[in-house]
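S.K.: Before I ask anything, here is the structure I am working with.
Values in this text are rule-based calculations from the coordinates and carry no lab data. Everything numeric here is computed off the predicted structure, so don't read it as measured data. Methodologically, a virtual Cβ is constructed for each residue, glycine included, from the backbone with ideal geometry; neighbour enumeration extends over all protein chains shown.
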Amino acid sequence: MAAGKSTENTQKTQQPAGTPPPAALTEEQAGRMLAGMNDVIRAGEEMRKLRAEMIKVFIGFGWTQDRIARLTEMSQPAVSKQVTKYREADPAPPMDLSLDQHDAPWLEGRLWGLAEDLSETYADTARCTPCVGALARGKKRFTPENVDGLRRLVEEDLRLHAAELPDGHRRAYDEISRGLDMRSGTAAAPAGPASVRRTLAHRIQRDRLRGGAA
């Protein structure tokens, strides 16, 4: 009986004579299939690193571990471990959060915040929306080329909606654009990773445009 079953299974799995083998997956197909997954994985790793750096900023402000754990949705032991590492590594002074700063990451963060506000306000017509989405998902990086492209799109959106927008949007863009044009590569870089400074400037610029505290 067992031998009969074995023969039957073999017949089911063998290809009939003259049947071409199944088509192989090409490298190009695999690349397209995995591209989205790789982006998500990469973004996840980058977000974890960014969160760790943001925790350092919060510690520098003197925030309690309970407060940090609540905001980051991390466990108390995980936050305590980050605090210990930070204190053992000669912590930097608290980061300056004034909006008027002129290093490239800070200005890029402000531009990103302005563009995102325009994108949300004019969801169906804003020219900068695709670029904002790509930056948010990590599909685009803050390279000089991409930043220049975003500047052009924001300027176009400001022109198209000039009659409806508050003066603060144009004023913010003028400050950002002037800063990006005049920035000096020899200037001392402020404390903190570029990704952290960009993220903070993005949030503060958005809150300023919406009338929040900055």
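S.K.: Along Cα→Cβ, 7 Å out, is where each label goes; now give me the distance between the ones at Arg159 and Ala52 in nm to one decimal.
M.R.: 4.5 nm
S.K.: If you scale each eigenvalue of the Cα gyration tensor by 5 and take the root, what three semi-axes come out for the range 38-88, rounded to whole angstrom and sorted largest first? Spell out each step's value before the answer.
M.R.: Details: eigenvalues 91, 25, 18 Å².
Calculated on Cα positions only, the semi-axes equal 21, 11, 10 Å.
S.K.: May I ask you to compute the full-extension gain from Asp66 to Ala24, defined as 0.36 nm times their residue separation minus their alpha-carbon distance, rounded to one decimal in nm?
M.R.: Values: separation 42, 0.36 × 42 = 15.12 nm, distance 5.37 nm.
Result for the pair: 9.8 nm of gain on full extension.
S.K.: Hey, another quick one. Under the Karplus relation 6.51 cos²θ - 1.76 cosθ + 1.60, θ = phi - 60°, what is the ordered set of whole-Hz ³J(HN,Hα) values for the range 24-40, x standing for Gly and Pro?
M.R.: These are the phi-based 3J(HN,Hα) values: 7, 6, 7, 4, 5, 5, 5, x, 5, 5, 8, 4, x, 4, 4, 5, 5 Hz.
S.K.: Evaluate the distance, in nm, between pseudo-label points positioned 7 Å from the Cα of Arg178 and of Asn38 along their respective Cα→Cβ axes.
M.R.: Distance between the two pseudo-spin positions: 4.3 nm.
S.K.: Next up: If you wrap a convex hull around the C-alpha atoms of the range 141-181 and split its volume per residue, what is the figure in Å³?
M.R.: Working: hull volume 2.7 nm³, N = 41.
In the range 141-181, the Cα hull volume divided by residue count equals 65 Å³.
S.K.: Determine the equivalent ellipsoid of the range 63-159 by diagonalising the alpha-carbon gyration tensor, then write out the semi-axes as square roots of 5 times the eigenvalues, largest first, rounded to whole Å. Could you put the intermediate results ahead of the total?
M.R.: Working: eigenvalues 236, 55, 31 Å².
Ellipsoid half-lengths, sorted descending, are 34, 17, 12 Å.
S.K.: Could you order peptides 24-31, 163-170, 200-207 by the average number of other Cβ atoms within 10 Å of their residues, highest first?
M.R.: Details: 24-31: 9.0, 163-170: 12.2, 200-207: 20.2.
By packing density, highest mean first, the sequence is 200-207, 163-170, 24-31.
S.K.: Let me ask something additional. Let me know the whole percent of all Cα-Cα pairs from the range 117-197 that are separated by more than 17 Å.
M.R.: Working: 1774 of 3240 pairs.
In whole percent, the long-distance tail amounts to 55.
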